[in-house]
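The values are calculated or read from the model by the stated rules, or taken from the named source; none is laboratory data. In this text the structure is predicted, and so the values were computed from the model without any measurement. Here the Cβ is made from the backbone with ideal geometry for all residues, glycine too, and neighbour counts use every protein chain on show. Accessible surface is based on the protein model in full, side chains and every heavy atom, while ligands, DNA and RNA are left aside. Shrake-Rupley method; radii C 1.70, N 1.55, O 1.52, S 1.80 Å.
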Amino acid sequence: MVITLIPMPMTRKRPAFSLVELLTVIAVIAVLAGILVPIVSTIRARADVLECSSNLRQLGIGTRLYVNEHNGIMPGPLWGGQSNIFYQKNADKGNYGGQLIYYLSDYLPVDTVGTNPPRAALMLCPAYVDVIGMDVRDMRPYALRNSNVKMVNGKLDKPFGYPGSESQGREDDSPASYFQILEPENEKMMIELDAISVAPYAGKDNCPDTPVHGTLRNVLFLDGHVEAEPTDV
C-alpha cells in the first residue's frame, strides 16, 4: 500500500502596515471627524430648537384650552419668572403658586424629569439644561409676560394678572380676558430666559449670559403660535 503525502499549503505571511499607510489612515479619519463633528453639532442644535419650540407650542395649546373652559379668562395670576418644579400633590390641592404649568395640568400631560425636585418636561429647554445644568434648583428656562398689552377698549392690562403680596399690602391683580386683547397674534406670551431677554435675571446662577440657541430665541405668542426670532448676539 502506497501512502501519498499531500503537502500542506504554504501560508503566506501578510506584511504589516507601513508607517506611511498608518499615517494616511489617521489623516483620513481626522479629516472625516473634522467634517462630521460640526455637522452633528448643527443637527443637535437644530433638534434642541425644535424641541424647545414644541414645548412652547404645547403650552400655548394648553393655555387656549384653559381659556375656552373659563369663559375667556386667562390663567393666573402668574409670576413672570416661571419655575419648572412640579408637584402633582400641589396641583391636586389647587396650590398653583403663580406658576402656569399648574393651571395647565388639567389640559396637558405633565411628564416630570428627576425626583429632587421633579421638573415638568414641558418647562425644560434642552439647550438651557446644557448651559445651566440640572444641579441648579431654581431653573427658569422660560419667562412669562407680566407687562401690559393693549386691550380692545384702548386700555392697558396684564394678560395674566399678577400675584399679590401680603408683606407689601398688594392684592392679586386678576388676569384679563383673552377675547379683549386687541392683537394676541402680535403680543408675546413667553420667551426663553437669558441675561439679554430678561435683564433683571442677569448674573444669577439660573440665567444664561447669552441666548441658549445662539442666533435664535424661541417666542410663544398669545394666540399660540411660536416663532424663532433672530437675536443680536
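Short to long, the 5 Å bins of the Cα pair-distance histogram for the range 81-184 hold 2, 11, 17, 18, 18, 16, 11, 5, 1, 0 percent of all pairs. With contacts taken as Cα pairs under 8 Å at a separation of at least 6 residues, the chain carries a relative contact order of 20 percent.
In the chain, one over the average inverse separation of all distinct C-alpha pairs is 20.9 Å, which is the Kirkwood hydrodynamic radius.
Taking the Cα centre of the range 185-233 as origin and assigning +1 to Lys and Arg Cβ atoms and -1 to Asp and Glu Cβ atoms, the resulting dipole is close to 160 debye.
To the nearest whole percent, what portion of all C-alpha pairs in the range 176-226 is separated by more than 17 angstrom? For the range 176-226, the fraction of Cα-Cα distances above 17 Å is 46 percent. Given springs between every Cα pair under 10 Å in a Gaussian network model of the chain, which of G169, G81, G114 has the largest fluctuation? Residue with maximal mean-square fluctuation among G169, G81, G114: G169. Dipole check for the range 109-148: with +1 at the C-beta of Lys and Arg, -1 at the C-beta of Asp and Glu, and the Cα centre as origin, the magnitude is about 160 Debye. Ranking of I26, I181, I191 by solvent-accessible surface, largest first: I26, I191, I181 (1.4 Å probe, protein heavy atoms only, all chains present). Would you give the gap between the C-alpha center of the range 97-129 and the C-alpha center of the range 162-210, rounded to a whole Å? So the two Cα centres are separated by 17 Å. For the chain, lysine pairs with C-alpha atoms less than 19 angstrom apart, excluding pairs fewer than eight positions apart on the same chain, total 4. Contact order for the range 129-180, expressed relative to its length and based on alpha carbon pairs under 8 Å spaced 6+ residues apart, stands at 24 percent.
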